[in-house]
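The values are calculated or read from the model by the stated rules, or taken from the named source; none is laboratory data. All figures in this text were calculated on a predicted structure; none of them were measured in a lab. Please note: Cβ atoms are built from the backbone with ideal geometry, for glycine as well, and neighbour counts cover all protein chains shown. For the accessible areas, the whole protein counts, side chains as well, though only heavy atoms, and no ligand, DNA or RNA atoms are used. Shrake-Rupley method; radii C 1.70, N 1.55, O 1.52, S 1.80 Å.
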Amino acid sequence: MLETEKGKAEVSKFTIDLAIRIALIAGVVYVSLLLLRPVAPLILWAIILAVAVFPLFRVMRRRLHLRSGLTAAVLSLLLLVLLLTPVIVLAGSAIETLNAYAQMLLRGDHVVPPPPESVRAWPLVGERVYDFWKHGSADIRTLLASHVGEIASLGRWVGRIAAGVFFEVLQFAGAIIVAGVLLAYAEKLAETVGGLAGRIADARGRHFVEITGSTIRNVSQGVIGVALLQSALLGIGMLLADVPFAGAITFVCLVLAIVQVGPNIIMIPVIIWVWFEQPVLVAVLFTAYTVPLLLLDNVLRPILMARGLQTPMAVILAGVICGTLAGGLIGLFVGPVVLAVFYDLVTAWIASGHHINGEDTSPKVEALDRRS
């Protein structure tokens, strides 16, 4: 009886101690996550960038014979230049264009060209669009004065978008700096993450870390890389064809390509405009140059995203689309990683079930044959 009471007391004490330890650990984790919540997107982007550019970091360190810290600093500076240069050029172009239109308004010049007669033939709205366009072309000041409220609402909407883009650019710049710090300690961090994954799930935990890194790099190349290449080539074509606002349209094409909508929705009207406003030879050459570029992502993206991965392309593509819809640009990377790990877990679970049921006995047979 005494032993039983003593055993019950020890079990009770162990349970209380375990509950206190778990509560303390949960409290520390909760407070830590609460403190990191304001900068969580920045840290997540930094991790994604560090994983994506790690092969380039390793090549630069080997070819330039630099220390890890100096190589990370050079790579971070290069990424900052690649990020900020298009933004500065685009902002300067927008400010210059708005200033030119403001000067034209002050001088009383015609800001809007007169509408072509073909607009009248548009079904349902042709006459209204033609009259509105003609009125704006003849007296833009009166038209603007009669729609001050709508213009103010449009201005506030554009201002909110510009502020959001500016904040995202700052966040990306901060993420690049933090990614440089992570790259400087890449080896130590890789050992720590691998050891933590091994403690959680043994060898399969390390396999999940490899899947995560490979998926992030493939998505970066297949989505971001192809989007950059496609939008840059489209921008060059629009500049050569003298398309107005080519810089802004190129930026919109880049965003649409990254979020998986595609630049077709804006480039098809551009092609139509070129046929109406440019000589036939220019329109033919621009169309022959642009149409293959609009199909470029359909060819390159599957090749780059599925390279070196055992996860089916359908799973990766579903993760990209669903992740983008659920979490925006960060979900573009998180979605395929989560689905790839989930697919691997389900595959391993099914395989282990077959092994337990005796359906997969070939490894044992081969081992017995080798022993004999």
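Overview of results
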read-out: Residue within the stretch 71-87 that is at pLDDT below 80, open to solvent by less than 60 Å² (accessible area, probe 1.4 Å) and assigned to a helix (DSSP H, G or I) present; value: yes
read-out: Residue in the stretch 87-98 that is aliphatic (A, V, I, L, M) and in contact with a Gly (Cβ under 7 Å, 6 or more places away or on another chain) present; value: yes
read-out: Any hit, the stretch 248-255, residues being modelled with pLDDT under 80 and touching a Gly at 6+ places or on another chain (Cβ under 8 Å); value: no
read-out: Single match in LEU49, LEU35 (criterion: hydrophobic (A, V, I, L, M, F, W, C), open to solvent by less than 60 Å² (accessible area, probe 1.4 Å) and assigned to a helix (DSSP H, G or I)); value: LEU49
read-out: Inter-residue pairs, beta-carbon under 6 Å, first touching a residue at least 40 places away in the same chain (Cβ under 8 Å) and in the stretch 313-337, second outside any helix (DSSP H, G or I), 6+ apart; value: ILE321/GLN260; THR324/VAL259; THR324/GLN260
read-out: Pair list, Cβ < 9 Å and 6+ apart or interchain, from the stretch 39-68 residues that are over 17 Å from PHE333 (Cα atoms) to residues that are hydroxyl-bearing (Ser, Thr, Tyr); value: PHE57/SER68; PHE57/THR71; ARG58/THR71; MET60/THR71; ARG61/SER68; ARG61/THR71; LEU64/THR71; SER68/TYR185
read-out: Qualifying residue in the stretch 164-177 (condition: modelled with pLDDT under 75, within 28 Å of PRO86 (Cα to Cα) and open to solvent by 40 Å² or more (accessible area, probe 1.4 Å)); value: yes
read-out: Hey, LEU285 assigned to a helix (DSSP H, G or I), within 18 Å of the chain's Cα centre (by Cα) and surrounded by fewer than 19 Cβ atoms within 10 Å (Cβ to Cβ) or not; value: no
